[in-house]
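J.: Here it is, the structure in full.
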2 protein chains.
Amino acid sequence: MEAGKREIAQRLMESFIRFTKLNRPQGPIAGLTPGEAHVLFCIGRAGGPEAPGIRVSEISDSLKVTSPTITQFIKGLEERGFVERTADKEDRRAVRIKLTEKGAQAIEEAHKALLASFEGLVTHLGEEKSNLLAELMVEVVSYLREKKKTGLHG
Amino acid sequence: MEAGKREIAQRLMESFIRFTKLNRPQGPIAGLTPGEAHVLFCIGRAGGPEAPGIRVSEISDSLKVTSPTITQFIKGLEERGFVERTADKEDRRAVRIKLTEKGAQAIEEAHKALLASFEGLVTHLGEEKSNLLAELMVEVVSYLREKKKTGLHG
DNA sequence: ATAAATTAGTAAGCAACCTAATTATATGGA
DNA sequence: TCCATATAATTAGGTTGCTTACTAATTTAT
């Protein structure tokens, strides 16, 4: 039924547009912009205080943004004491980035706030619907990823 | 079950973050940036060629952005011949904005492209799941709207 | 008449991205 | 060994889509 399909697409489109608008984060959390929090999360995931620290290129790969973008974020985060840069001894082109104590605390705070807001959503929808939604969103993400890949040479 | 709830929230959070990243539009459609297309859609919805045209304030209310943002978009769109400005005769502070022929064509093209991409998603998920997703997203949107409202004075 | 509100616009700036070019270092092959 | 090439990070500058603060013109209410 083609008409049904178009109608569903229309509804999906509208809800996604509204979602995108509303989902834009309003203000900073723990003194971090949303983008900074993202980068900081990525650094935090990369290992504890004993680890050598993550590289700029690894962050940019992981977050799918270019390395100059990461450099800019790191610059701001370092100035404000959230991260530390150290030279890599085995590859002197590389830079190792680690969280400071302040950075680790900021992550914890931001993570709590973020999770709390999603827990609010789960409470609103109920666990069953939330599960369903998460599954569907995973499928949407895999579709978008596929589309983006083939879209480049198709 | 608190542990379950947190786990669901976590999965929801991750899928939403990935979605947001992938859903960012890549390039212009019909010579319009995504933002311009949005504004043009809004102008198009406001009435046909015989209507008096929409006001800047009406667009900004509808799209939930400030009026200077709209002014900037209109400026660019007028320069490139997508819209026309005319003075309102009954309220000389106001400006009436209408689509040109070129603008109407651009909307049609952009709308087709957008709808086609969502139809691709509907095909991928199937109609049943797509319907479900649209319904869930409507609930998410209403939750976010509510949260944003109460968040301001709570 | 005058104060208050409204409409649109300008100026300046921020967040989060991008590309192109540059610097420093690493590495494989003639 | 030396050179060409590749890689790591950075700098410089641009884009998109928003913001706030302000001005000018006009309308409305007192």
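The numbers here are math on the coordinates, done by the rules we state, and not lab data. What you see is a predicted model; the values in this text were computed from it and never measured. All Cβ positions, even for glycine, are placed from backbone atoms using ideal geometry, and neighbour counts span all protein chains on display.
J.: Just checking, how many residues over segment A:59-79 are over 21 Å from A:Pro28 (Cβ atoms) and within 11 Å of DNA strand C (Cβ to nearest atom)? It would help to see each step written out before you state the result.
T.: Of segment A:59-79, the ones over 21 Å from A:Pro28 (Cβ atoms) are A:60-62, A:64, A:66-68.
Now narrow it down to the ones that are within 11 Å of DNA strand C (Cβ to nearest atom): A:60, A:64, A:66-68.
So the answer is 5.
J.: Kindly provide the set of residues from segment B:34-75 that are among the acidic types (Asp, Glu) and out of contact with any helix residue (DSSP H, G or I) (no Cβ under 8 Å at 6 or more places or on another chain), ordered by number. Can you show your working first?
T.: Going residue by residue through segment B:34-75, those that are among the acidic types (Asp, Glu) are B:36, B:50, B:58, B:61.
Listed by number, the residues that qualify are B:Glu50, B:Glu58, B:Asp61.
J.: Within segment B:58-86, work out how many residues are within 14 Å of DNA strand D (Cβ to nearest atom) and free of Cβ contacts under 8 Å to residues at least 24 places away in the same chain.
T.: Number satisfying all stated conditions: 13.
J.: Considering only segment B:13-45, state which residues are outside any loop (DSSP other than H, G, I, E, B) and polar (S, T, N, Q).
T.: Narrowing segment B:13-45 to residues outside any loop (DSSP other than H, G, I, E, B): B:13-23, B:29, B:32, B:34-45.
The answer is B:Ser15, B:Thr20, B:Asn23.
J.: Being within 11 Å of chain A (Cβ to nearest Cβ), out of contact with any Phe, Trp or Tyr (no Cβ under 7 Å at 6 or more places or on another chain), aliphatic (A, V, I, L, M) and within 16 Å of DNA strand D (Cβ to nearest atom), is that true of even one residue in segment B:88-99?
T.: We begin by selecting, within segment B:88-99, every residue within 11 Å of chain A (Cβ to nearest Cβ); these are none.
No, that holds for no residue.
J.: Please verify whether A:Leu136 is under 29 Å from A:Ala46 (Cβ atoms) and touching a helix residue (DSSP H, G or I) at 6+ places or on another chain (Cβ under 7 Å), treating the condition exactly as stated.
T.: no
J.: Do you know which residues across segment A:100-123 are under 18 Å from the mean Cα position of the chain (by Cα) and within 14 Å of another protein chain (Cβ to nearest Cβ)?
T.: Hits for segment A:100-123 are A:Ala110, A:His111, A:Lys112, A:Ala113, A:Leu114, A:Leu115, A:Ala116, A:Ser117, A:Phe118, A:Glu119.
J.: Regarding segment A:84-92, can at least one residue be identified that is assigned to a helix (DSSP H, G or I) and either of a type in the set (D, E, K, R) or under 30 Å from B:Glu128 (Cα atoms) (or both)?
T.: So the first thing to find is which residues in segment A:84-92 are assigned to a helix (DSSP H, G or I), and the list is none.
Scanning segment A:84-92 turns up no residue that is assigned to a helix (DSSP H, G or I) and either of a type in the set (D, E, K, R) or under 30 Å from B:Glu128 (Cα atoms) (or both).
J.: Across segment B:124-141, what is the total count of residues that are of a type in the set (Gly, Ala, Ser) and facing chain A (nearest Cβ under 7 Å)? Even if it seems obvious, please write down each step before you answer.
T.: Initially, segment B:124-141 is screened for residues of a type in the set (Gly, Ala, Ser), giving B:126, B:130, B:134.
From what is left, the residues that are facing chain A (nearest Cβ under 7 Å) are B:130, B:134.
Number of matching residues: 2.
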